[in-house]
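Working notes for the structure below.
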Amino acid sequence: MTCRIAPHHFPDVRCALSEMARVTRPGGRIGIIDSVVPCESSLDAFLNGVEKVRDPSHVRSYRVEEWLEFLGEAGLLLLQAASLWKTHAFPEWVARTGRPREVQWEVETIFLSAFPLARETFRIRTDGGRVVSYSDEKAIFVAKKPAGAPG
């Protein structure tokens, strides 16, 4: 079973993972790819705040450590975890949700006024007073339902 770039929209990630584990056969694998946030609380708050303005369906992007906890709570054994940074062209990314131009401008204003650590961490690039791009982290988790687990 795989779940790609969706869990940050789930109202209850723990419940979703429990259900994924329930329907996976014993010995089966679950792959999850989603946006994650840094451990630093100010960076977590910044990016989750931006996402909630840009997309009202956004619930929360979690830290890698939280994901590891969630997987363990669901009775899954972590096989592999990796992450990478993805650069987004800002105009396309901010327009993707179809929000009004005023909301898109609000998101851009948040990026333009970001504190230095956020500008550096999320690689916010500007040109002529406009945001050109930014980067966020995506994590990939592969977990296994134990062979002896109820199926």
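Things worth noting here:
- Value of Rg to Rh for the chain, rounded to two decimals, is 1.04; Kirkwood radius and Rg both from alpha-carbon coordinates.
- Computed [θ] at 222 nm, deg cm²/dmol, the chain (DSSP H ≥ 4; -39,500 (n - 2.57); rounded to nearest 500): -11500 deg cm²/dmol
- Per-residue 3J(HN,Hα) values for the stretch 20-37, derived from phi via the Karplus relation 6.51 cos²θ - 1.76 cosθ + 1.60 with θ = phi - 60°, read 4, 5, 4, 8, 7, 5, x, x, x, 10, 10, x, 10, 10, 7, 5, 10, 10 Hz in sequence order (x marks Gly and Pro).
- Sequence-ordered 3J(HN,Hα) estimates for the stretch 51-58 from the Karplus curve with 6.51, -1.76 and 1.60 and θ = phi - 60° stand at 4, 5, 6, 5, 9, x, 7, 5 Hz, glycine and proline given as x.
- For the stretch 66-146, the C-alpha radius of gyration sits at 1.46 times the compact-globule guess of 2.2 N^0.38 Å, with N the residue count.
- Close amide H partners of Val131, meaning residues 5 or more places away or on another chain with modelled amide H under 5 Å apart, do not exist here.
- Distant-in-sequence amide H partners of His88 (H built 1.01 Å from N, under 5 Å): Tyr134, Ser135, Asp136
- Here the Karplus curve 6.51 cos²θ - 1.76 cosθ + 1.60, taken at θ = phi - 60°, turns the phi angles of the stretch 115-126 into couplings of 5, x, 5, 5, 4, 6, 4, 8, 6, 6, 10, 10 Hz, with x standing for Gly and Pro.
- The spacing between the stretch 40-93 and the stretch 1-28, judged by their C-alpha centroids, is 15 Å.
- Building the convex hull from the alpha-carbon atoms of the stretch 53-110 and averaging its projection over directions returns 5.4 nm².
Each reported figure results from applying straightforward, stated rules to the coordinates on display, with no laboratory input. Predicted model, so just to flag it, every value in this text is computed and none were measured.
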